[in-house]
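Here the structure comes first, spelled out in structure tokens, and everything after it is commentary.
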Amino acid sequence: MTPGQFLHQIKRSGPPPAVLLLGPEAYERRRIKTALLATVPESAVVQHDLSEVTLAEVLDDARALSLFASERLIWVSNAEAALPKGKAAAEEGDSDGEPAGAVNAGELLAYLKDPTPGVTLAFEAIRFDFEGDDKRKQDRVRKFYAGIRDVVELARYSIQEARAETEVLARKAGFQMEPDALELLVEALGADIARISVEIEKLALYAGNRVIGVDDIAALVPDARSTTIFALVNALGRRDRARALAVLDTLTKEGEFLPLALAFLSTQFRMALVARESGLKSAQQIQSHFQRMGIAMWGSRADQVYQTVSKFSKPQLEQAVSLIYRADKGLRDARPDDRIVMERFIMDLVQ
């Protein structure tokens, strides 16, 4: 089930005997934990770590009756640690054909058939994601805890979902953000809504009665130095040599990793070349084209690409890609002066 469905279930019928929180999304996990904590007294909360105790010990605690509280929450972190390891994990069984980890899993299943009234076991399995190599490992976790009926999938937010949630958080915090600033905040923090929510709280204290802009994000949000890289992209897209060199100077003084800046530029010019070759005539067409290709793109990024397309001809874009390759090679030399390499790149590109 989704986090929203589980939160609704808690409001409607209270917490279940056990829940498995599966996935790495920290923001939704924090909301669920807050909701569960609100159902019990503070003194009735117990925390266990399955990398330090056994699942059997956790179940023994769950069966124990409290003299002080009729309702308890037992929060169990590192749920993955209960799974069999080494050879047993590889074979998923022993020589007698009994599934590896069956003793622990069987004890959990037996407990769930007759759970202690008023006790909620919340198992936190955050190590593995829902895609790639992690998916197989996560499936093993899901299988081990198959006796738990309530499984909440905590998948990471997509860029679009993070943007929408950021708008909601800013509105609840009582301030407004410029669209470009909002998109920049999401991109600078990698659509990590848990980190975004923390920065929203800081921005709320800073904003007062004014609208938060791009400069505010650059000044206040960690990891937003990349905003200066976007400024370099925009300056080159406008063929503004003086501004590009000034931004490069700022990047150098801030200790920015210049190969990262070049990587952003490479993406920008390659997208612009694709847009020109595809005959795209507006930012809206560019946004739609890349989204159909499965590449997430916001309006402001589409505007950046369109600016670049409008300022550079196809031969110039091809030259830019070639110059980026040469600059990248220069940055990989034995003892390069990164600033000189990037200055030469800017001078050759914007003649």
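Only the coordinates and a few stated rules stand behind these numbers; no lab work does. It should be emphasised that the depicted structure is a prediction, and the values quoted were computed from it without experimental measurement. For neighbour counting, all protein chains shown are included, and Cβ atoms are generated from backbone atoms with ideal geometry for every residue, glycine included.
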* Structure fact -> In debye to the nearest 20, the charge dipole size for the range 225-351, taken about the Cα centre with +1 at each Lys and Arg Cβ and -1 at each Asp and Glu Cβ, equals 300
* Asked: Among Thr34, Pro17, Ala81, whose Cα lies farthest out toward the positive end of the dipole of the range 3-153, if unit charges sit on the beta carbon of Lys, Arg (+1) and Asp, Glu (-1)?
  -> Thr34
* So what are the ³J(HN,Hα) numbers for the range 322-329, from phi and the Karplus equation (6.51, -1.76, 1.60; θ = phi - 60°), rounded to whole Hz, Gly and Pro as x? -> 5, 5, 5, 4, 5, 5, 4, 5
* Got a sec? Charge dipole of the chain, +1 on Cβ for Lys and Arg, -1 for Asp and Glu; which of Phe290, Leu260, Leu349 is way out at the positive end? -> Leu349
* **Length added when fully stretched, Glu178-Tyr206, from 0.36 nm per residue minus Cα-Cα** => 8.6 nm
* Structure fact -> Whole-percent tail of the Cα-Cα distance distribution for the range 157-224, cut at 21 Å, equals 8
* Structure fact -> Among Lys137/Lys172; Lys135/Lys172; Lys172/Lys253; Lys85/Lys135, the pairs whose Cα-Cα distance exceeds 27 Å are Lys137/Lys172; Lys135/Lys172; Lys172/Lys253
* Within straight cross-link reach of Lys281, meaning Cα distance under 17 Å, which lysines are found once same-chain residues fewer than 8 apart are removed? -> Lys311, Lys314
* Estimated FRET transfer efficiency (Arg326, Ala263; beta-carbon r; R0 22 Å; 0.05) -> 0.90
* What FRET efficiency do you get for Leu65 and Asp139 if R0 is 45 Å and r is their Cβ-Cβ distance, rounded to the nearest 0.05? -> 0.80
* Structure fact -> Bounding extents of the chain in its principal axis frame from Cα atoms, largest first in Å, are 78, 58, 40
* Asked: Where the only charges are on Cβ atoms (+1 Lys, Arg; -1 Asp, Glu), what is the dipole of the chain about its Cα centre, to the nearest 20 debye?
  -> 1340
